[in-house]
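A short worksheet on the structure shown next.
The values are calculated or read from the model by the stated rules, or taken from the named source; none is laboratory data. These figures come from a predicted structure and were not determined experimentally. Here Cβ is always computed from backbone atoms with ideal geometry, including for glycine, and neighbour counts include all displayed protein chains. Only protein heavy atoms, including side chains, enter the accessible area calculation; ligands, DNA and RNA are left aside. Shrake-Rupley method; radii C 1.70, N 1.55, O 1.52, S 1.80 Å.
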Amino acid sequence: MPGIETLLIGTLSLYTAGIAAAFLLPKEKTPVLPALFGGTGSLLLLFTGIKSFLPPETFHAALWTVPGIGTLTVSIDTLSAFFLVVTAIAAIPASVFAATRLKQTRWQHPEVAAALYLGLLISLTIVIIASHVFLFLIAWESMSIIIYLLISSDNNERPGYLMLSIGEAGTLAITAAFLLLSANTGSLSFAIIKTGAASLGPGVQWAVFLLVFFGFSVKGGLIPLNFWMPGAYTAAPAAFIPLIAGATLNMALYGIIRVTGSLLPIPHAGPGIIMLIVGSATALIGILYATIEDDFKTLLAHSSIENAGIIIAALGAGSVFLAKGHLAAASIAFAAALYHLLNHSVFKTLLFMGAGAVEDKTGTRSLDRMGGLLKHMPWTGLFVLIGALSIAAMPPFNGFVSEWLTLQALLRSVELSSPGIKLAFVAAGVGLTLTAGLAVTCFVRAFAMGFLGMSRSDSASAAKETGKPALLSMAGLAVFCLALGILPTYVIPALNKTIRPLTGASATTALVPGFFRPQGKLPEAFVNDFHKLGAQIGKNSMPGRGLAVLHRGGTKNPVVFAMSTFYMFITLIILLGLTAGLVRLFAGRRRKIRQPRWDGGVRKLLPEMTYTATGFAHPVRVIFESILRPKVVERKDTIAEHFRVTIRQKRNEIHLIDRMVLNPLDSAAHRIARTLAKMHNGRINTYAGYALLALIVFLAIASII
Amino acid sequence: MSRWVIKGIRTGIVTTRYPEKKEETPGTSPGLPEQVTGIAPENRETESRCPTGALSREKNRLNLRQERCIHCFRCSRGTENPIPWKNGFEWAEIRNPEAVVPASLRHSLHIRVVDAGDCGACLNEIKLLNNPYYNMHRLGFFITPTPRQADILLVAGPVAEHMKTPLLKAYEAMPAPKRVMAVGACALNGGVFGPGFVTGSGVADILPVDIEIPGCPPPPLAILHGLCLIAGQLKNEPNAATGTRKGEK
């Protein structure tokens, strides 16, 4: 296997070659470029990431020296390696999918779109591997601009502008934070900042944390800065949204982990508590709006907000544990956060592909106008179902493992002594549990209203299965969903390589006891206890560790929590087979009667009579009315003032964040502008007066100084 | 706030003990006319006062076809020759000798009610079965919203034209063993409505009726009696009010 440097150069040159090819080749051939160059480049990227995980390899390279700024360097540590792997896992299928979509939709300039897509991949890679503030900010900024261009390529300008403007505010905060760091450490290089950051005063640490958290949470979609996200994700073309949602959201989390975990580990619990509370509130608000959303893509965007919240909450819990010296608990929380990040990339990419395929074939994104798609698009339906089950945290799929670990990590707050912190953990735990419950509602609704029942529009009933390459890319991610779900004991040791430098403790020893290998490290009595339960199944045939995730406590309480999704999966299959066998055995002899479904006795069941997505979400709307605050406008059409013909009800729901953050900001800006506009009355004597006034003030100041 | 608890305890149990004990509270049933013998052949006033033809003459005997009676009291009030009325409510009659459900269902019978164009009176009485006084749950009778879980299809109304399809669909949707119970004069023979251009002449035209409950409307106890009969909780013993009716139809 070639070295990291070769692989990395290969990756980046493939991407660059793709961009060059986009402008050199004729227009008809450009749609395949993302698949060809992006796919193979991302494959190399995956190898780069995996190779960087392997022990002896560390990568550090100086690129070139810029006068006045210093030597630009790139390096791959285990944190970067993890994010390279996650990005590659999302980018390989996303590239194939992007190619299929670029081919189908009529683009005016497919070569520009393809080039931008590959440019996004390059900037993502550089954001992850940059170890110099200047390089990082350049890559970060180019990533933001490329995303803006990709989102606006469908002529939806407002969501793009909103994203860009709030994104610039975030970048400004990040820049300020980095400048603060480098001013205090005297260097722009990550390595020197890291060694110098420990001696910073608490005021600077807090300032850096708040600026970084604000700056990155803009991209990550945390409250109160996520108002751009639903609109932008909905406006983004279906070709690119899988990558944008699956990979670029991670960059915000990468930035937060890079600064608060690696560069400047803050030795007190405050920032962790902020992350915990903001994260759980974000998750709850995100999933609440996802549950009532009608537009499939907007629903997924709200759900991205939710998942970012869960990850940030787990990270916050980890930081608190770390600051309080509970290293094992911190490792578990970080493992949960990184695991969920990986899972979210996989299933969100998958679901956005499904949404894109459905939108392509039905021409609508409205769940109310779908229904019955499983008949027409069985494979898409299957993969969306797997994605929905994963994101709703249903075992044996991957979302379950990470959400379970997150909640278990929050429950470890019993180890903490401060009642205030415990209270914060309880609040966050309650919020996340409610989130998990609503997530099930949300994705049962999304799948059932989209794919089951009767088709509620002509376009839905005329839908056809999507193309094979798109299906293949979805199938790959669906396999990942299952594999990450049933083999957590193999994933956690891999994540551990990233977690160990952050916490200084091992998540593997905290979570995955070596039942099979390494032998003899566990206490004899402990092993015997678990062998009675069947933990030794496959001792001789299994290649690696046991298949149970298990957190060991003290002697009084040997096991704090334990779970095995693999055994759960096997049991599930056995039970299903057993049930099917029993039914066949006993019901086979019985008389079977097939009757049409009971429809309430109507002469013909019309699609209009069946449940819609809006109707399904109505109970949630009613329960959370105090948060949603709908404005109901009722219009009655009458004849001769007395006989009502129709009653129309329209609910206007303004998003909580829009209501509480964006709209006040907007009106404040307008008010300031209106006030300032009074200065400009158009009379020349007034402007002459202003000049005179300015001169007097200037002279006065000059004479005083 | 919680005065209803005290009130409830003070009130005690009001639920009727029927069918374990005889129910004789006045007002639970309007009653039916009795069959009368010894009426002079020339006096046809009483029977002519009956608007639904429930009374018919056979020499000097006045026969009652109780499934037609609408309890209008025209034969007992405001006439020179009033005929006596008899209290009681055990009017239900099993049409099909094998109608009694299997013993396994005796104490758990699920009922799907279909309003096949009734005026609301029968439905009102059916609704009363769930109130604290009659409380049919104590006997194991339950109203179910879907025919898929129903053992008994309880039909009220003369089967209006538009309710024919739903009624048939509901019957087809029921799992075996299934029984049909026709409640009220309309469901038995069209009652005061039918047969007409929009109403039929009863459930029996389109479905095999297993048990009939006359009355317009039948009081809750009459329906309860019918349910007990078809559930096998009561034996089908002809009583004074119904005994003479056998073999008339």
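Given the criteria open to solvent by 90 Å² or more (accessible area, probe 1.4 Å), within 14 Å of chain B (Cβ to nearest Cβ) and either under 30 Å from residue B:162 (Cα atoms) or modelled with pLDDT under 90 (or both), does residue A:629 qualify?
Values: open to solvent by 90 Å² or more (accessible area, probe 1.4 Å): yes; within 14 Å of chain B (Cβ to nearest Cβ): no; either under 30 Å from residue B:162 (Cα atoms) or modelled with pLDDT under 90 (or both): yes.
Answer is no for this residue.
Return the residue satisfying two criteria in turn: it lies in the stretch A:653-705 and is of a type in the set (S, T, N, Q) and within 52 Å of the chain's Cα centre (by Cα), and of such residues it is farthest from residue A:158 (Cα to Cα).
In the first step, residues of the stretch A:653-705 are kept if they are of a type in the set (S, T, N, Q); the result is A:663, A:667, A:675, A:681, A:685-686, A:703.
Filter once more, keeping what is within 52 Å of the chain's Cα centre (by Cα): A:663, A:667, A:675, A:681.
Working: A:663: 15, A:667: 17, A:675: 25, A:681: 31 Å.
Restricting to residues being of a type in the set (S, T, N, Q) and within 52 Å of the chain's Cα centre (by Cα), the top hit is A:681.
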Does the stretch A:123-138 hold any residues that are in contact with a helix residue (DSSP H, G or I) (Cβ under 6 Å, 6 or more places away or on another chain) and buried (at least 21 other Cβ atoms within 10 Å of the Cβ), and which are they? A:123, A:124, A:127, A:128, A:129, A:130, A:131, A:133
Is there a residue in the stretch B:61-71 that is under 18 Å from residue B:132 (Cα atoms), without any contact (Cβ under 8 Å) to a residue 40 or more places away in the chain and out of contact with any Pro (no Cβ under 8 Å at 6 or more places or on another chain)? no
Candidate set: the stretch A:84-110, residues that are open to solvent by 10 Å² or more (accessible area, probe 1.4 Å) and of a type in the set (Val, Ile, Thr); chosen: the one farthest from residue A:470 (Cα to Cα): A:85
Is there a residue in the stretch B:20-29 that is outside any loop (DSSP other than H, G, I, E, B) and either in the same structural domain as residue B:222 (by TED's automatic domain parsing) or among the hydroxyl-bearing types (Ser, Thr, Tyr) (or both)? no
Among the residues of the stretch A:632-648, write down those that are open to solvent by 90 Å² or more (accessible area, probe 1.4 Å) and either within 14 Å of another protein chain (Cβ to nearest Cβ) or among the charged types (D, E, K, R) (or both). A:634, A:635, A:636, A:641, A:644, A:648
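Yes or no, residue by residue, for (1) open to solvent by less than 10 Å² (accessible area, probe 1.4 Å); (2) at negative phi:
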position: B:129; (1), (2): yes, yes
position: B:182; (1), (2): yes, yes
position: B:191; (1), (2): no, no
position: B:205; (1), (2): no, yes
position: B:225; (1), (2): no, yes
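Residue check: is residue A:584 away from chain B (no Cβ under 14 Å) and either in contact with a Ser or Thr (Cβ under 6 Å, 6 or more places away or on another chain) or among the small types (Gly, Ala, Ser) (or both)? It would help to see each step written out before you state the result.
On the way: away from chain B (no Cβ under 14 Å): yes; either in contact with a Ser or Thr (Cβ under 6 Å, 6 or more places away or on another chain) or among the small types (Gly, Ala, Ser) (or both): no.
For residue A:584, the condition - away from chain B (no Cβ under 14 Å) and either in contact with a Ser or Thr (Cβ under 6 Å, 6 or more places away or on another chain) or among the small types (Gly, Ala, Ser) (or both) - is not met.
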Under the condition of being exposed (fewer than 10 other Cβ atoms within 10 Å of the Cβ) and within 11 Å of another protein chain (Cβ to nearest Cβ), which residue from the stretch A:595-615 is farthest from residue B:174 (Cα to Cα)? A:604
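Right, residue B:215: open to solvent by less than 10 Å² (accessible area, probe 1.4 Å), touching a His at 6+ places or on another chain (Cβ under 8 Å) and either modelled with pLDDT of 90 or more or of a type in the set (Phe, Trp, Tyr) (or both) or not? Step through it out loud before you land on a result.
Details: open to solvent by less than 10 Å² (accessible area, probe 1.4 Å): yes; touching a His at 6+ places or on another chain (Cβ under 8 Å): yes; either modelled with pLDDT of 90 or more or of a type in the set (Phe, Trp, Tyr) (or both): yes.
When the stated conditions are applied, residue B:215 passes them.
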Exactly one of (1) at pLDDT below 85; (2) open to solvent by less than 40 Å² (accessible area, probe 1.4 Å) is unmet by residue A:113. Its number? (1)
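The rows are residues; the columns are (1) of a type outside the set (A, V, I, L, M, F, W, C); (2) buried (at least 21 other Cβ atoms within 10 Å of the Cβ).
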{"position": "B:44", "(1), (2)": "yes, no"}
{"position": "B:90", "(1), (2)": "yes, yes"}
{"position": "B:100", "(1), (2)": "no, yes"}
{"position": "B:108", "(1), (2)": "yes, no"}
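Over 19 Å from residue B:100 (Cα atoms) and not assigned by TED's automatic domain parsing to the domain that holds residue B:65, is that true of residue B:175? Outline the logic, then answer.
Working: over 19 Å from residue B:100 (Cα atoms): no; not assigned by TED's automatic domain parsing to the domain that holds residue B:65: yes.
So residue B:175 fails the test.
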